[in-house]
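Below you'll find the structure, written out as structure tokens, and then a few comments.
The values are calculated or read from the model by the stated rules, or taken from the named source; none is laboratory data. Since this is a predicted model, take the numbers as computed values, not measurements. Note that we place each Cβ from the backbone using ideal geometry, even for glycine, and neighbour counts take in every protein chain shown.
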Amino acid sequence: IDSEKPLDLLRESYHRPQQASTLNRMLYMDWKTTLHDNDLVKVNKMCEMAGVTVRYPLLTQEIVGLSCQIPSVDKLQAKELRKFYKQAMVGFLPEEILHKSKHGLGLPFGVWLKDYQPLKDLAYDSINSLKKRPYFKTEFLDHAIKMHQSIHAGYYGELIWILMMLELWFQGKER
């Protein structure tokens, strides 16, 4: 396993926009790695399973192209993203929509893991099996479980999910 490959891919993604500001490079990297490869896939699959058609009007080529032309200083005002967009939408969207806090697209796996014992058993058994492999330090895996249980179920739950999926993938390959 080439442990440097993930970082190389992130660096490549960061440097792909040739004439971009730091903020636009970061937004591009986030778009390619988080939104494109993760969030949209989850939303599309879940909506498809529920028979719901989903559209992304702010991700059309025209809108994304327009957003790339907006100066970084206008995109990030007083450490607030999307301020220009919210100002432009005054009168079109209700105030409660314009001023609500951001909601992520992630699944609440960490909360489910804490509240649903069969899922917790599967996850922790998977991590215990992962400890026998040469890829992670036992202390790191123990720390992830401890932090999930005591500090931040949502944040560490996602890490537990990834580790569980990795171990289940390993087990599937061994069959």
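Remarks
- Filtered by the rule that a residue be among the aromatic types (Phe, Trp, Tyr) and surrounded by 11 or more Cβ atoms within 10 Å (Cβ to Cβ), region 58-93 gives Phe84, Tyr85.
- Any hit, region 99-117, residues being over 20 Å from the mean Cα position of the chain (by Cα), more than 30 Å from Ile70 (Cα to Cα), free of Cβ contacts under 8 Å to residues at least 24 places away in the same chain and part of a helix (DSSP H, G or I): yes
- Flag if Ser101 is among the polar types (S, T, N, Q) and either modelled with pLDDT of 85 or more or closer than 30 Å to Leu23 by Cα (or both): yes
- The set of residues from region 2-25 being exposed (fewer than 15 other Cβ atoms within 10 Å of the Cβ) and either in a helix (DSSP H, G or I) or on the phi > 0 side of the Ramachandran plot (or both) comprises Lys5, Pro6, Leu7, Asp8, Leu9, Leu10, Arg11, Glu12, His15, Thr22, Leu23.
- Summed over region 124-154, residues that are in a helix (DSSP H, G or I) and within 26 Å of Ile1 (Cα to Cα) total 15.
- One residue stands out among those in region 42-78 that are closer than 15 Å to Leu23 by Cα and not in a helix (DSSP H, G or I): the one that is nearest to the chain's Cα centre (by Cα), which is Leu76.
- Selection status of Trp161, under 26 Å from Ser3 (Cβ atoms) and under 22 Å from the mean Cα position of the chain (by Cα): yes
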